[in-house]
Amino acid sequence: MDLKYKLKEMLIEELQIEDLTPEEIEDDTPLFGEGLGLDSLDAVELVVQLQVYFGVEIKNIEEGRPALQSINTLAQFVRARQEKSTGKEV
Amino acid sequence: MGRTHAFDACSGGMAACYGMACPLDDLAIPVPGENHAFNADTSSLADFVPKGKLRRIDHYSRMALLACGRAIKDVAPSLFPRERTGVILATGYGALSSTFSFLDSYIEKGDKLAFPTHFSNSVHNAAAAHISICYNIKGPSLTVSQLDMSFFSALITAGSWLETWKTDAVLVGTADTYCKVMGYCINEFSIPRKRTPYSFGEGAAFFLVSRETHTRPRYGYIDQITMGQSREMEIPLDVDIIFTPSSIDFCDATPGELRVGHVRELKVRRHGFSPTDNSMDAAYALEGRQRTCCIKRGQNGAWGKLMITPADGGKNDEQSC
């Protein structure tokens, strides 16, 4: 399954977004604020779930802020980290 | 989920959203794979709170919100000054599912990967806080957890708030959840469960109580709330008595131990087994026409007694105990 789709499923499942399906989340929709409307507690939850689902750690805000902008940036971040740790393309 | 009632306590309003085992009730959902266990359906909560606000709120808080919402809907707005109304939530075990989920995540994945949302829902006063926030209630907010005696303790506190004019009204209620761990413990360790075919469930009930006024209350009066530690208790004359299911052992040994004047009717509810099921007694008592004494025996000989006079039954000061 596509990484972006998995990320969207994870968002819906773990952040309890009941009114959306993965297909309805645009890849470039902002996750916080006006887009999906997530907040700071969601950010903490996201950091935990990224590690649970993908084994990828966001170590600090300098890494987190650019990574958590949208599904696109999140997928890019996960892919890069996984390639770095395994040496293989996801 | 049990019956949905809408009636007032004292001069306020109350609605009950029960999770006790009344299989025919519209909000009871059988728990898959378990006999005699029911979950509560909270889908109608969207009628009271926008869905967006409910996103991170867990099932335990949703039950409390739904029961409270129904109580508020039942109340005349003049009896419910939000700036001067408090919230007291009684619970035996709190948000069990969220607590165990958080603990599981901590045990399985370590402290760095414990689930933040489950933790926030397991916080002691989370449900009462959600009630205050969602319903814009500005008075004090409190959660009481005293296992079997939680509801009595909450009522005593509500009375003290009213007596000291800390608030003009109190939304006092109970909530307890059912989860797999609870089901396992009940099946493995519960002696009454083995002896009598109880059903188990979850739910919430809320009452709006206020100081007695010259106006006849819509549903009734709470005349007395007592807690003690003794094998004997005084029972007033000429009342109905309701024993909660968790008092069944005491009830069986009762006749010589209660100093009973003239018991009009003795009722033992055989459904429901929850630390806070005596809130259901209060609701049942207000449905009736007779003055009722609700008794619950707790652990280590503790007991609670609640005297209720339904509005139809009238209030007789000479028989107060």
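Considering the conditions (1) within 28 Å of B:D41 (Cβ to Cβ); (2) in contact with a helix residue (DSSP H, G or I) (Cβ under 6 Å, 6 or more places away or on another chain); (3) modelled with pLDDT of 90 or more, B:F115 is excluded by exactly one of them, (3). The helices (runs of 4 or more DSSP H) falling completely within chain A include none with 1 or more residues that are within 17 Å of B:R55 (Cα to Cα), at pLDDT below 90 and touching a strand residue (DSSP E or B) at 6+ places or on another chain (Cβ under 7 Å). Taken over the stretch A:17-38, the criterion of being of a type in the set (D, E, K, R) and loosely packed, with under 13 Cβ neighbours inside 10 Å is satisfied by A:E18, A:D19, A:E23, A:E24, A:D28, A:E34. When restricted to residues that are part of a helix (DSSP H, G or I), of a type in the set (A, V, I, L, M) and either closer than 16 Å to B:P50 by Cα or free of Cβ contacts under 8 Å to residues at least 60 places away in the same chain (or both), the stretch B:128-153 contains 3.
Of the residues making up the stretch B:154-179, those that are in a loop (DSSP other than H, G, I, E, B) and of a type in the set (F, W, Y) are B:W165, B:Y178. The residues of the stretch B:307-321 that are out of contact with any Leu (no Cβ under 7 Å at 6 or more places or on another chain) and modelled with pLDDT of 65 or more, listed by number, are B:M307, B:T309, B:A311, B:D312.
The values are calculated or read from the model by the stated rules, or taken from the named source; none is laboratory data. What you see is a predicted model; the values in this text were computed from it and never measured. FYI the Cβ positions are ideal-geometry reconstructions off the backbone, even for glycines, and counts take in every protein chain you see.
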